[in-house]
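The values are calculated or read from the model by the stated rules, or taken from the named source; none is laboratory data. Keep in mind the model is a prediction, meaning the values are calculated, not measured. Neighbour counts run over all protein chains shown; Cβ positions are idealised from the backbone, glycine included.
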Amino acid sequence: MNWEAFWLTVRLAALVSTLLIAIGIPIAYWLTYSRWRWKFLIEAAVALPIVLPPTVLGFYVLVALGSRSPLGRWWESLTGHTLAFTFEGLVVGSLLYSLPFAVQPFATSFGAVDRKLLQASASLGHSPVQTFRRVVIPLSKTGLVTGFALSFAHTLGEFGVVLMVGGNIPGVTRTISIDIYDQVQTANYSSANQTALVLLVISFVVLSIVYGVNRRPWVVSPWR
Amino acid sequence: MTLLSKLTAFLILCAANAAAQEITVAAAADMSAALPQLVDAYTKKTGQTVKLSFGASGNLTNQIRNGAPFDVFFSADEDYPQQLIAEGFGSKDTLYGYAVGRLVLWVPNDSPLDLSKLGIKALLDPSVKKMSVANPATAPYGRAAAAALRHFGIYDQISSRLVVGENVSQAAQFIESGNAQAGLIALSHALAPAMKDKGRYWTVPLDAYPTLNQAAVVLAKSKQQDAARKFLNFLRTPEATALLTSYGFSLPLEKPANGGRMK
C-alpha cells in the first residue's frame, strides 16, 4: 500500500470537492433561476465531462494549456511552470472532470425548493441573496452533501486525465489509481489488491453516505 | 435459400476468413513509427494483414501473461521475451533479435540549449524545468534513461525534475507538446516524421546504459503460428532491415542464421 499516493489522492479529492462547492453553487444557482432561452446550451456544456472521455480533457490540458498556447504561456508567466506535471494541473483537470457531479445535485435541490417560500421571503423584505442564503441553502443541504460526496469520490477514482497530464511524479502527481495501474503492470498483484480494496471500501462508504442522506425518512421509520 | 440468407452466409464466411488471416502484433512503443511502415510493405507484398498494438514492453508482457490474444511480440528489451519463453508463453525457436535501439536526448527547436557542446549536461541548465523519461518499471527506454543519468552522475540533480511517461511514446509526446523542455527518448521517435523537424537530438553513447537489444518472439498461444513466423522472417529481409536502419535502429552485431539468441 502506497500511503504517499493515498494521501496525495485524498488531498486532491478534498481540495477539488471543496473548490467545487464554491464554484458549483453560483453556477447551479444561475442554472436553476435563469430564464435565458439558451440556458440549455450551458446545461449541456456543464454536463459534458460526464460523457467526454478523460483522454479528451487530458489532451486539452496538455495542448491547450501547454506552453505552446497563449493560455499556457500566461499561466507560465504567472507561476513559472506549465500546468502539466504539477499538483495544480491535476486540480484544474479534476475541477473540469468533476464539475457536473457537483453542479447537478446542487441545481436539482435548488430547483426542488418551493417557490412560495422564496416569494414569502421576498415579501418579508429579503434580497435574493439573503433569501438564497437563509432559505434555499438550508433546504438544499442534502443536495450539497450529495454534490460534495460525489465530486470527492469521482476525483478519487480519476485515472485517464492523470495518466495523460500527471507525469507519474511520486508525491506530486502519482495518485492512487496510477499507483494501482503501475502495480498491475509490473505484476505486483498483492500490492495492487490491497490498494484496490482500500479504494473500493472508501468509494462504497462515500456512496453509502450519498444514498443515506437522500433516503426517504419513512423507509427507515414508518411511524414518522 | 433466399438472396438475403445467401448474402448473410457470404458475409459470415468473409468475416471468418479475414479473422483467420489477420495476425495481431504487440510491439514496444519505440516501434510506433517504423512498424506500421514495415507492415504496409509486408501487406502489399503478401496480402497478409497485421493489426498493431503498442505499449511499454513490460506492460505488454504482463498483458500476454494474462491471456492477451497477440500472435507476435516485439520487445524493446530481450529480457521480456526471454521471461515469456521461460514461462511457456513464447516459442523459443522463434526468438529473434531484430535490432538495437538507441537512446537520445531530445530538445525542441525553440530550446536555447546547444546539445552538441553540452551533451547530457544540457539537462542541468535551469531552462530545463521538466525532463521526460519513460517509466523505468515497465519501459526498457526508461531503464536505459535512468542508467544513463546515473552513468553521467547527474541522476540526483535531475530527479526532482523528472516526469515519467507511461511508455517511451508518451515521454516523447511530453516534450513534443512543449510540456517538458527535454527528454530521453528513442532515436526512432526523433527520426520519425512526426518529430523530425521539430527538434534536435544528441545520441547518448552506448556505454552509458545497458544495450537495448530489441527482440521479437512468436507467442505459444497464437493460433496462427505459420503466419506469425512468416511475418517475423520478413524482418530478416534487406527491405525490412533497411527500413529499420532508416529509423535509427542498428542491426544486432551477430545475426544467427535461423532464430536463436543474439549477441
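Given the condition within 14 Å of chain B (Cβ to nearest Cβ) and part of a helix (DSSP H, G or I), answer yes or no: does some residue in the stretch A:94-110 qualify?
Within the stretch A:94-110, the subset within 14 Å of chain B (Cβ to nearest Cβ) is none.
Within the stretch A:94-110 (the criterion being within 14 Å of chain B (Cβ to nearest Cβ) and part of a helix (DSSP H, G or I)), the answer is no, since none of the residues qualifies.
When the residues of the stretch B:171-217 are filtered to those that are aliphatic (A, V, I, L, M) and in contact with an Asp or Glu (Cβ under 7 Å, 6 or more places away or on another chain), which remaining residue is farthest from residue A:84 (Cα to Cα)?
First, the residues of the stretch B:171-217 that are aliphatic (A, V, I, L, M): B:171-172, B:175, B:180, B:182, B:184-187, B:190-192, B:194-195, B:204, B:206, B:208, B:212, B:215-217.
Applying the additional criterion that residues be in contact with an Asp or Glu (Cβ under 7 Å, 6 or more places away or on another chain) yields B:186, B:195, B:212, B:215.
Working: B:186: 22, B:195: 20, B:212: 29, B:215: 34 Å.
By that ranking, first place goes to B:215.
May I ask you to say which residue of B:107, B:128, B:163 is at negative phi and within 10 Å of chain A (Cβ to nearest Cβ)? If you could, list the steps in order and put the result at the bottom.
Working: B:107 fails: within 10 Å of chain A (Cβ to nearest Cβ); B:128 fails: within 10 Å of chain A (Cβ to nearest Cβ).
So the residue among B:107, B:128, B:163 that is at negative phi and within 10 Å of chain A (Cβ to nearest Cβ) is B:163.
Mind listing just one residue for me: the one in the stretch B:174-193 that is assigned to a helix (DSSP H, G or I) and within 14 Å of chain A (Cβ to nearest Cβ) and, of those, farthest from residue B:163 (Cα to Cα)?
Initially, the stretch B:174-193 is screened for residues assigned to a helix (DSSP H, G or I), giving B:174-176, B:187-190, B:193.
Filter once more, so that each one left must be within 14 Å of chain A (Cβ to nearest Cβ): B:174-176.
Working: B:174: 9, B:175: 10, B:176: 14 Å.
Among them, the one singled out is B:176.
Identify all residues within the stretch B:64-83 that are surrounded by fewer than 23 Cβ atoms within 10 Å (Cβ to Cβ) and either in a helix (DSSP H, G or I) or in the same structural domain as residue B:167 (by TED's automatic domain parsing) (or both); write none if there are none.
Within the stretch B:64-83, B:65, B:79, B:82, B:83 meet the criteria.
Name the residues in the stretch B:177-196 that are surrounded by fewer than 16 Cβ atoms within 10 Å (Cβ to Cβ) and in contact (Cβ under 8 Å) with a residue 60 or more places away in the chain, would you?
Quick first cut of the stretch B:177-196, residues surrounded by fewer than 16 Cβ atoms within 10 Å (Cβ to Cβ) only: B:193-194, B:196.
If the condition is that a residue be surrounded by fewer than 16 Cβ atoms within 10 Å (Cβ to Cβ) and in contact (Cβ under 8 Å) with a residue 60 or more places away in the chain, then B:193, B:194 are the ones that fit.
Could you check how many residues of the stretch A:56-83 are surrounded by 20 or more Cβ atoms within 10 Å (Cβ to Cβ), at the interface with chain B (Cβ under 9 Å from one of its Cβ atoms) and β-branched (Val, Ile, Thr)?
1
For residues in the stretch A:111-133 being surrounded by fewer than 14 Cβ atoms within 10 Å (Cβ to Cβ), of a type in the set (A, V, I, L, M) and assigned to a helix (DSSP H, G or I), which is modelled with the lowest pLDDT? Write out each step before concluding.
Step one: of the stretch A:111-133, the residues surrounded by fewer than 14 Cβ atoms within 10 Å (Cβ to Cβ) are A:112, A:114-117, A:119-120, A:123-125, A:127-130, A:133.
Those still in the list that are of a type in the set (A, V, I, L, M) too: A:112, A:117, A:120, A:124, A:129.
Applying the additional criterion that residues be assigned to a helix (DSSP H, G or I) yields A:117, A:120, A:129.
Values: A:117: 93, A:120: 93, A:129: 89.
So the residue we want is A:129.
Kindly list the number of the only condition in (1) more than 9 Å from every other protein chain (Cβ to nearest Cβ); (2) within 23 Å of residue B:57 (Cα to Cα) that fails for residue B:154.
Condition (2) is where residue B:154 drops out.
Consider residue A:184 against the criteria (1) touching a helix residue (DSSP H, G or I) at 6+ places or on another chain (Cβ under 7 Å); (2) touching a residue at least 12 places away in the same chain (Cβ under 8 Å): it satisfies all of them except one. Which criterion is unmet?
Going through the list (1) touching a helix residue (DSSP H, G or I) at 6+ places or on another chain (Cβ under 7 Å); (2) touching a residue at least 12 places away in the same chain (Cβ under 8 Å), residue A:184 breaks only (2).
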